[in-house]
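The structure under discussion appears below in the form of structure tokens.
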């Protein structure tokens, strides 16, 4: 029961640390009880299968943490309107399994190499896993530890140097040092060591926060310009209205919303992810002939100097099966189609600029490792996410230049806003402000849309770019380069949000270097594994 209790304490501390309802300071010792559980079972218990006990208890901890923090996924629905249990069970159970495997590797390594080497391995493998979780096709970095301070931007201004992955390293280091402090106290009961170790831990917590507060209060980067942005929030039900109402009616409502709220000069109209066309999608080979897109150009002709950026559903047709994109699927004999979640910038008398979402939601927008799994599973996995095939993506980010001013917009689409290093690629392309086009309506009034908004603050700090966030049902928001929400809307309102957005062209250290500590951790993990193999080989040689 002692080990179960320690496991449950870690689960509780991890859960209550999380935004947007928690207190993040618990995260600094949330993993300590779990480390104590592992150490107690490994060193002092009489269990015959200690590894299985450690695995089972760690899995219990991570299942509780995942369920509490991401259980809002249950708010998503099947096409018939019923709630999808698989939408929450699959990510919770699989993500918990991945975390448990990471912890199990630490358990094995620590028992083989000793506590001190093991703790270094723990930091290295957790950081490496978070980096891996940012890049593969089952990517789900929602619970990366560095995200936990997203509601406290004043305390993490140094993320402009090391990013949210630097925050993960910070949190892991503090937890390991606290565990070490507890163990040395239990072993020797020396007050001098306790005071010294506690002081080091306190310093490592407080000093980065002090540095952050200084950076926050002394932020004085000069903008190169300012643009007037009107964010549109149409509050269109993504399950029923979007597919039952005529596309032109949807567009007329959106443009009427924009027209009614156009007070003075508007440089940018920004609409949410897949705001158009309603059901179906727009052919990219016929953009210039599209009635929907030309209606927007006609709207802009009444507002000289304005551009319109929006999310749309689009597609490309192919009639030659040679060199087909892997995401293309066959419609009928001799005809294939590739679908996209797209952002466009529309300017009168100019070609429509296009960007295809690069980070897709697993199971919903992408069939993970389709070329390997589809021959085995057929269409079984496709139906879980409510999609017929994986969407196509762009391999590189883009920045939409405004022909009327200095604005260069980063067209970030929904899920992409969770990814730090990925977002810096927009900045490297010249973006001087970030436009997040999102549809958070799938989960209803839950923590999901609040957490996604909260994570956007991290991207503002990392890149030192202001954000204009247009959400279908809310929360639309204007976030400054320090990660503060200056203005926002209510979830569920049909409304607009006007903001004067500052343009910045400086490059932060993080924008230049990306997830530096993650790459260092991968190198350290390789070294520790190599060191283990060398030791193992030496032992085998001596025995021989």
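The values are calculated or read from the model by the stated rules, or taken from the named source; none is laboratory data. The structure presented is a predicted model; accordingly, all values stated were derived computationally and were not measured. Positions of Cβ are backbone-derived with ideal geometry, glycine not excepted, and every protein chain shown enters the neighbour counts.
Numerical summary
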{"quantity": "Number of the exception - residue 255 against (1) under 29 Å from residue 364 (Cα atoms); (2) in contact with a strand residue (DSSP E or B) (Cβ under 8 Å, 6 or more places away or on another chain)", "calculated": "(2)"}
{"quantity": "Residues being under 24 Å from residue 83 (Cβ atoms), in a helix (DSSP H, G or I) and in contact with a helix residue (DSSP H, G or I) (Cβ under 6 Å, 6 or more places away or on another chain) - total across region 410-460", "calculated": "4"}
{"quantity": "Residues within region 146-158 that are crowded, with 17+ Cβ neighbours inside 10 Å and either outside any loop (DSSP other than H, G, I, E, B) or assigned by TED's automatic domain parsing to the domain that holds residue 418 (or both), tallied", "calculated": "6"}
{"quantity": "Scope region 133-145; condition buried (at least 19 other Cβ atoms within 10 Å of the Cβ) and over 11 Å from the mean Cα position of the chain (by Cα); matching residues", "calculated": "145"}
{"quantity": "In region 327-341, residue farthest from residue 309 (Cα to Cα) [restricted to those that are over 25 Å from the mean Cα position of the chain (by Cα) and in a loop (DSSP other than H, G, I, E, B)]", "calculated": "333"}
{"quantity": "Considering residues of region 82-138 that are part of a loop (DSSP other than H, G, I, E, B) and out of contact with any helix residue (DSSP H, G or I) (no Cβ under 6 Å at 6 or more places or on another chain) only, the residue nearest to residue 177 (Cα to Cα)", "calculated": "114"}
{"quantity": "Test: residue 469 is at pLDDT 95 or above, part of a strand (DSSP E or B), under 22 Å from residue 269 (Cβ atoms) and assigned by TED's automatic domain parsing to the domain that holds residue 239", "calculated": "yes"}
{"quantity": "Hey, residue 185 assigned by TED's automatic domain parsing to the domain that holds residue 37, modelled with pLDDT under 95, in contact with a helix residue (DSSP H, G or I) (Cβ under 8 Å, 6 or more places away or on another chain) and surrounded by fewer than 22 Cβ atoms within 10 Å (Cβ to Cβ) or not", "calculated": "yes"}
{"quantity": "Filter result for residue 481 (within 27 Å of residue 309 (Cα to Cα) and in a helix (DSSP H, G or I))", "calculated": "no"}
{"quantity": "Hey, residue 249 out of contact with any helix residue (DSSP H, G or I) (no Cβ under 7 Å at 6 or more places or on another chain) and either assigned to a strand (DSSP E or B) or within 30 Å of residue 453 (Cα to Cα) (or both) or not", "calculated": "yes"}
{"quantity": "Checking residue 393 against (1) over 20 Å from residue 272 (Cβ atoms); (2) part of a loop (DSSP other than H, G, I, E, B), the condition it does not meet", "calculated": "(1)"}
{"quantity": "Residue satisfying all of: in region 479-493; within 16 Å of residue 272 (Cα to Cα) and out of contact with any strand residue (DSSP E or B) (no Cβ under 7 Å at 6 or more places or on another chain); surrounded by the most Cβ atoms within 10 Å (Cβ to Cβ) among these", "calculated": "491"}
{"quantity": "Test for residue 348: is it under 20 Å from residue 440 (Cβ atoms) and either surrounded by 21 or more Cβ atoms within 10 Å (Cβ to Cβ) or touching a residue at least 24 places away in the same chain (Cβ under 8 Å) (or both)", "calculated": "no"}
{"quantity": "Residue within region 283-297 that is free of Cβ contacts under 8 Å to residues at least 40 places away in the same chain, in the same structural domain as residue 404 (by TED's automatic domain parsing) and under 24 Å from residue 475 (Cβ atoms) present", "calculated": "no"}
{"quantity": "Residue, surrounded by the most Cβ atoms within 10 Å (Cβ to Cβ), within region 204-218, restricted to residues that are closer than 22 Å to residue 29 by Cα and within 25 Å of the chain's Cα centre (by Cα)", "calculated": "212"}
{"quantity": "Hey, residue 324 modelled with pLDDT under 95, in contact with a strand residue (DSSP E or B) (Cβ under 7 Å, 6 or more places away or on another chain) and part of a loop (DSSP other than H, G, I, E, B) or not", "calculated": "yes"}
{"quantity": "Every residue from region 357-378 that is under 16 Å from residue 339 (Cβ atoms), in a loop (DSSP other than H, G, I, E, B) and at pLDDT below 85", "calculated": "363, 367"}
{"quantity": "Selection status of residue 111, in the same structural domain as residue 29 (by TED's automatic domain parsing) and crowded, with 22+ Cβ neighbours inside 10 Å", "calculated": "no"}
{"quantity": "Residue identified as in contact (Cβ under 8 Å) with a residue 24 or more places away in the chain, crowded, with 19+ Cβ neighbours inside 10 Å, farther than 24 Å from residue 491 by Cβ and assigned by TED's automatic domain parsing to the domain that holds residue 415 among 267, 246", "calculated": "267"}
{"quantity": "Among the candidates 117, 142, residue that is over 30 Å from residue 481 (Cβ atoms) and either free of Cβ contacts under 8 Å to residues at least 12 places away in the same chain or in the same structural domain as residue 70 (by TED's automatic domain parsing) (or both)", "calculated": "117"}
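For every residue, the table says whether it meets (1) surrounded by fewer than 24 Cβ atoms within 10 Å (Cβ to Cβ); (2) farther than 17 Å from residue 415 by Cβ.
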| site | (1), (2) |
| --- | --- |
| 454 | yes, no |
| 464 | yes, yes |
| 467 | no, no |
| 471 | no, no |
